[in-house]
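Single-structure report; data block below.
Readers should treat all values here as calculations from the given coordinates under stated rules, not as data from a laboratory. These figures come from a predicted structure and were not determined experimentally. In this analysis, Cβ positions are derived from the backbone assuming ideal geometry, glycine residues included, and neighbour counts consider all displayed protein chains.
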Amino acid sequence: MMSDLLVYYGFTKINKVAKKRELAIVFENEYGWKNEKWVSRKMIVAATRRQTIKESEDGKSSNRMLTKYSIFIDDKPFNSDISRVLEFNKLADSNNVQEDILNDIYQKCCEKFQEYNRLYPSKIKRSNQIELFEFKI
C-alpha cells in the first residue's frame, strides 16, 4: 500500500548556501502544490517514488512541508565515489522499499550524476597509491 506523498531523489544545486555536492532525498510531509516547484529549484531531480504508509506516518508529526536528508558525496567515507553513495542509500531504504524500485532509483541516479558532475565537478584532488610509493632505481 502506498501513500499519495512523494519522495524525491536528486543532487543539490551548488550556490551560496549549499556549498558541498550531495545526494538529497526529500520527503513530503503533506501535500502542497508548490512542493514540486521548490524541489526542482533546489536540486536536480533524478527519480521520484511514492511513500509507503509507514514513511508517511512519520511526516504527520512534523510541522514542515518537506524533510530533506543529505549524503555528502565528497566527504570521508565516500570520497566522490557515487556508487558507494548510492549503495549506502539503497541499504538505508531497503527496509521500506521493494528491491526493483531501489534498483530503478539507483540506475536513474547514476545517469543523472553524469550531468551533475559536468555542472559541479569534484574539487578533491585524487592521487594514485602507486604514484605515492613509486621508487626510482
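Side notes on the structure shown:
- From the coordinates shown, volume of the Cα convex hull per residue in Å³ corresponds to which of (1) 119; (2) 136; (3) 167: (2)
- Sequence-distant residues sharing a close amide H with Lys13 (under 5 Å, placed H): Met43, Ile44
- Counting every other Cβ atom within 10 Å of each residue's Cβ, Trp33, Trp38 order from fewest to most as Trp33, Trp38.
- Computed [θ] at 222 nm, helices only, for the chain once each DSSP H run of length n ≥ 4 contributes -39500 (n - 2.57): -11500 deg cm²/dmol
- Karplus-based coupling profile of segment 108-117, in residue order and whole Hz: 5, 5, 4, 5, 6, 5, 4, 5, 5, 5, with θ = phi - 60° in 6.51 cos²θ - 1.76 cosθ + 1.60 and x standing for Gly or Pro.
- With a Förster radius of 35 Å applied to the beta-carbon distance between Arg118 and Asn63, the computed FRET efficiency rounds to 0.40.
- Taking other Cβ atoms within 10 Å as a rough exposure proxy, Leu119, Leu86 sort from fewest to most as Leu119, Leu86.
- Segment 85-97 - phi-based ³J(HN,Hα) in whole Hz, Karplus 6.51/-1.76/1.60, Gly and Pro as x: 5, 5, 5, 4, 5, 4, 5, 5, 7, 5, 6, 10, 10
- Amide H contacts for Gln51 (H built 1.01 Å from N in the peptide plane; partners 5 or more residues away or on another chain; cut-off under 5 Å): Ser3, Leu5, Leu6, Val7.
- What you get for the chain, charging only the Cβ of Lys and Arg (+1) and of Asp and Glu (-1), is a dipole of about 860 debye around the Cα centre.
- With θ taken as phi - 60° and the Karplus curve 6.51 cos²θ - 1.76 cosθ + 1.60 applied, the whole-hertz 3J(HN,Hα) list for segment 53-60 is 4, 5, 5, 5, 5, 5, x, 5 Hz, x standing for glycine and proline.
- Cβ-based charge dipole, the chain, positive-most Cα from Phe11, Gln98, Ser122: Ser122
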